[in-house]
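Student: One structure follows; several queries about it will come next.
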Amino acid sequence: MAALVIAAVGVVFGDIGTSPLYAVKEMFNPQYGLTLDAASIKGLMSLGFWALMFVVSVKYVIVILRADNNGEGGIMALTALAQRGLSASSRWGYLAGIVGIFGAALFLGDSMLTPAISVLGAVEGLQIVAPALAPWVLPLSVVILTGLFAFQRFGTARVGRAFGPLMALWFLAIGAVGLRGIIGEPGILAAVNPIWALNFFVLHGWHATLVLGAVVLIVTGGEALYADLGHFGTRPIRWGWFGFVLPALVLNYFGQGALLLGNPGAIANPFYLLVPGWAQIPMIVLATAAAAVASQAVITGAFSLGAQAINLGYLPRLRIHYTSDVSMGQVYLPAINRLLFVCTIALAIGFGSSSALATAYGLSVTGTMLMDTLLLAVVAYTTWQRARRWILPLCVGFLMVDLAFLFANGAKLFSGGGAWVTLAIGLAAFTMMRTWRRGRALLHAEWQVQGLSLDAFVAGLKRHPPQRVPGTAIFLNSNVDIAPRTLIANLKHNKVLHRHNLIVHVKSEPIPYVTGESRLSVQTIADTLHLVVLRFGFMEIPNVPAALAPLGAGTLPDLNLDDAIYFTSRETVLASRDRGMPWWRDKLFAAMHLNAAAASDYFRIPPNRLLELGAPVRI
């Protein structure tokens, strides 16, 4: 258990663990008009403390970790759970899907912002040690970020083992310097009393509401705890949080508050000024390493989210590479890596500092947290019969806090800052995911109209049996009721059928993994013509040849799958103005479809045993 806890500390808590680099400094941003007096400092420390306790400890660590989808977590897993309870085909199930997609889109924006703000916040310590190095903060940050994204293709299987000890050292270090500050000004511990938080609202009114947009930075990364549930399980995450990470964070935040009580001028960079002079350079190095780990966690999360969205039909097929021979969950998506790299570098250069980025950062996090709360309420109501009496009232409290944070961050949209960037990224990703989902539905409807039913095709075979040739042919088909166009084309042009023919339909299930006999089902629909349904979970990368192997081993022993020929189709989508989606969405879908990875690549079909048929389809 101890090893799992240390590993969880390295992977799960990297994002929230680097928030002390910039959160306290941002709370006293001049735009909020706060003075650095004892009441304001203790009030903000109290708000931060209770945000950690209620949002992270109660909402995520205690409650949401209960919502595991066959052991897996993350917003897509939570969405699948909610839709299962409501029935995905119902109106409420559809709305739950919309909520989940938007939450996933905001997480993608978070995956761009976290590396930029974490690395900038760490490297900005150079300005404290040597002010002359200030012009080099941004270039050095860009170099570090470039190296981070360039490294992704090699995976984290090897270096990941060092993440746990490294982050454990980080939390020990920030806890120690925080304790040092508290010893110098123990009066800061009064902030544990929530009266100071309430008094802050009484004293500052409207400004107190707006400053919640900075307080939320303390809990950024809390939403990522749930995504790593499948890697470590509930107990290591909870033990790591309550026994190690939470105490270290509270000590550091209160230590920064204590420093400001004695020296308000330290607001220039309270994190690094809390560190003794002799330890500042080692702390900068350690902070930069911790920022890289935090960035790695959200980048890997984006890869996993992308793979899940593809399997659930929200994104086009993309090239996916395994980066570990042991863990099938460690994947690398080159297209998403390129997108994250370009956007992260653009954000770092465009904003230039962690303080400027903080104005954009909070909106994506609070939006994701709100989506989590809504989906949690659905799961609690539909699934947790015994626990919903106490969880649903908690969800009301979670919703109120989420809306307060969202309102405070939404107000930044009108202040001339960069909050609109997060919203733009989220809306763009949401539009693409909804367009792909709708476009695929229209495409299937068009195939249903144009295609020949499988029953009619089989009846035709019986009336006019074709000539047979040796071998096995495998026809991939996205609709079990329609005869594959590749099968019809092969029969039409070659006037023959192979001795053995498999129509293979790959189905994605709303569960993480499919195991055992549930993976494969076979139905013989005509002489030597079989309908095969392969089922994969949304956490799996489909490998069709491997999944079909049991057929030749026992179910259909006459098959020779080693020499089988695979037939796939690749459509050219043509946009139309008079039907389907708005014309611009038709064009967007056509472009996404054109750039999607071929079915043969995605399903791991050997290229030397592949025949691909192209056909235009108008939607």
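Student: Across the range 71-96, what is the number of residues that are crowded, with 16+ Cβ neighbours inside 10 Å and not hydrophobic (A, V, I, L, M, F, W, C)?
Tutor: Here is the first cut: in the range 71-96, the residues crowded, with 16+ Cβ neighbours inside 10 Å are 72-86, 88, 93, 96.
Subsequent filtering for residues that are not hydrophobic (A, V, I, L, M, F, W, C) retains 72-74, 79, 83-85, 93.
Matching residues across the range 71-96 total 8.
Student: Would you pick out the residues in the range 251-307 that are assigned to a helix (DSSP H, G or I), of a type in the set (Val, Ile, Thr) and either surrounded by fewer than 22 Cβ atoms within 10 Å (Cβ to Cβ) or more than 18 Å from the chain's Cα centre (by Cα) (or both)?
Tutor: Quick first cut of the range 251-307, residues assigned to a helix (DSSP H, G or I) only: 251-262, 264-268, 270-273, 277-307.
Applying the additional criterion that residues be of a type in the set (Val, Ile, Thr) yields 267, 281, 284-285, 288, 293, 298-300.
Within the range 251-307, Ile267, Ile281, Ile284, Val285, Thr288 qualify.
Student: Across the range 513-525, which residue is surrounded by the most Cβ atoms within 10 Å (Cβ to Cβ) among those that are farther than 11 Å from Leu502 by Cα and of a type in the set (A, V, I, L, M)? I'd like the intermediate steps shown before the answer.
Tutor: Residues of the range 513-525 farther than 11 Å from Leu502 by Cα: 513-521.
Then keep just the ones that are of a type in the set (A, V, I, L, M); that gives 514, 520.
On the way: Val514: 21, Leu520: 18.
The selected residue is Val514.
Student: Give me a count of the residues in the range 51-68 that are outside any helix (DSSP H, G or I) and either more than 16 Å from the chain's Cα centre (by Cα) or buried (at least 24 other Cβ atoms within 10 Å of the Cβ) (or both). Reasoning before the result, please.
Tutor: Within the range 51-68, the subset outside any helix (DSSP H, G or I) is 67-68.
Checking which are either more than 16 Å from the chain's Cα centre (by Cα) or buried (at least 24 other Cβ atoms within 10 Å of the Cβ) (or both) leaves us with 67.
The total comes to 1.
Student: Here are the criteria: (1) polar (S, T, N, Q); (2) surrounded by fewer than 19 Cβ atoms within 10 Å (Cβ to Cβ); (3) closer than 19 Å to Asp110 by Cβ. Tell me which single one Gln450 does not satisfy.
Tutor: It fails just one condition, (3).
Student: Which members of the range 36-84 meet the condition of being of a type in the set (Gly, Ala, Ser) and touching a Ser or Thr at 6+ places or on another chain (Cβ under 8 Å)? Before the answer, list the steps.
Tutor: Taking the range 36-84 as the starting set, the residues that turn out to be of a type in the set (Gly, Ala, Ser) are 38-40, 43, 46, 48, 51, 57, 67, 71, 73-74, 77, 80, 82.
Gly74, Ala82 - these are the residues of the range 36-84 that are of a type in the set (Gly, Ala, Ser) and touching a Ser or Thr at 6+ places or on another chain (Cβ under 8 Å).
Student: Here are some residues: Leu413, Leu423, Leu406. Which one is outside the structural domain of Val522 (by TED's automatic domain parsing), at pLDDT 90 or above and within 25 Å of the chain's Cα centre (by Cα)?
Tutor: Result: Leu406 is the single residue among Leu413, Leu423, Leu406 that is outside the structural domain of Val522 (by TED's automatic domain parsing), at pLDDT 90 or above and within 25 Å of the chain's Cα centre (by Cα).
Student: Filter the range 344-365 down to the residues that are surrounded by 20 or more Cβ atoms within 10 Å (Cβ to Cβ) and at pLDDT 90 or above, then identify the one that is farthest from Gly306 (Cα to Cα).
Tutor: For the range 344-365, the residue satisfying everything is Ala348.
Student: Still on this structure, I have one more. Within 33 Å of the chain's Cα centre (by Cα) and of a type outside the set (Ser, Thr, Tyr): is that true of Leu212 in this structure?
Tutor: Working: within 33 Å of the chain's Cα centre (by Cα): yes; of a type outside the set (Ser, Thr, Tyr): yes.
Yes, satisfied.
Student: Tell me yes or no: at least one residue of the range 318-331 is touching a Ser or Thr at 6+ places or on another chain (Cβ under 8 Å) and part of a helix (DSSP H, G or I).
Tutor: The answer is no, given that none of the residues of the range 318-331 is touching a Ser or Thr at 6+ places or on another chain (Cβ under 8 Å) and part of a helix (DSSP H, G or I).
Student: I've got another one for you. Test Trp447 against the stated conditions and say whether it is assigned to a helix (DSSP H, G or I), over 30 Å from Asp558 (Cα atoms), among the aromatic types (Phe, Trp, Tyr) and within 30 Å of the chain's Cα centre (by Cα). It would help to see each step written out before you state the result.
Tutor: Values: assigned to a helix (DSSP H, G or I): yes; over 30 Å from Asp558 (Cα atoms): yes; among the aromatic types (Phe, Trp, Tyr): yes; within 30 Å of the chain's Cα centre (by Cα): no.
It is false that Trp447 is assigned to a helix (DSSP H, G or I), over 30 Å from Asp558 (Cα atoms), among the aromatic types (Phe, Trp, Tyr) and within 30 Å of the chain's Cα centre (by Cα).
Student: May I ask you to say which residue of Arg468, Arg386, Arg434, Arg440 is of a type in the set (Lys, Arg) and in a loop (DSSP other than H, G, I, E, B)?
Tutor: Being of a type in the set (Lys, Arg) and in a loop (DSSP other than H, G, I, E, B) holds for just one of Arg468, Arg386, Arg434, Arg440, which is Arg386.
Student: A follow-up question, please. Check every one of the helices (runs of 4 or more DSSP H) wholly within the range 109-220 and list those with 1 or more residues that are of a type in the set (A, V, I, L, M) and surrounded by fewer than 16 Cβ atoms within 10 Å (Cβ to Cβ). Steps first, please.
Tutor: On the way: elements: 126-129, 137-150, 160-184, 195-204, 206-210, 212-215.
The helices (runs of 4 or more DSSP H) meeting that bar are 126-129, 137-150, 160-184, 195-204.
Student: Restrict the check to the range 342-362 and report whether at least one residue is over 26 Å from Val211 (Cα atoms) and of a type in the set (Ser, Thr, Tyr).
Tutor: As a first pass, look at the range 342-362 and keep what is over 26 Å from Val211 (Cα atoms): 342-343, 345-346.
This time we only want the ones that are of a type in the set (Ser, Thr, Tyr), so: none.
Scanning the range 342-362, I find no residue that is over 26 Å from Val211 (Cα atoms) and of a type in the set (Ser, Thr, Tyr), so the answer is no.
Student: Cβ-Cβ distance below 9 Å, separation of 6 or more or different chains: which pairs start in the range 187-209 with a residue that is touching a residue at least 40 places away in the same chain (Cβ under 8 Å) and end on one that is loosely packed, with under 14 Cβ neighbours inside 10 Å and not in a helix (DSSP H, G or I)?
Tutor: His204/Gly33; His207/Gly33
The values are calculated or read from the model by the stated rules, or taken from the named source; none is laboratory data. On a predicted model such as this, the values are computed, not experimentally measured, just so you know. Positions of Cβ are generated from backbone atoms using ideal geometry, with glycine treated the same way; all protein chains shown enter the neighbour counts.
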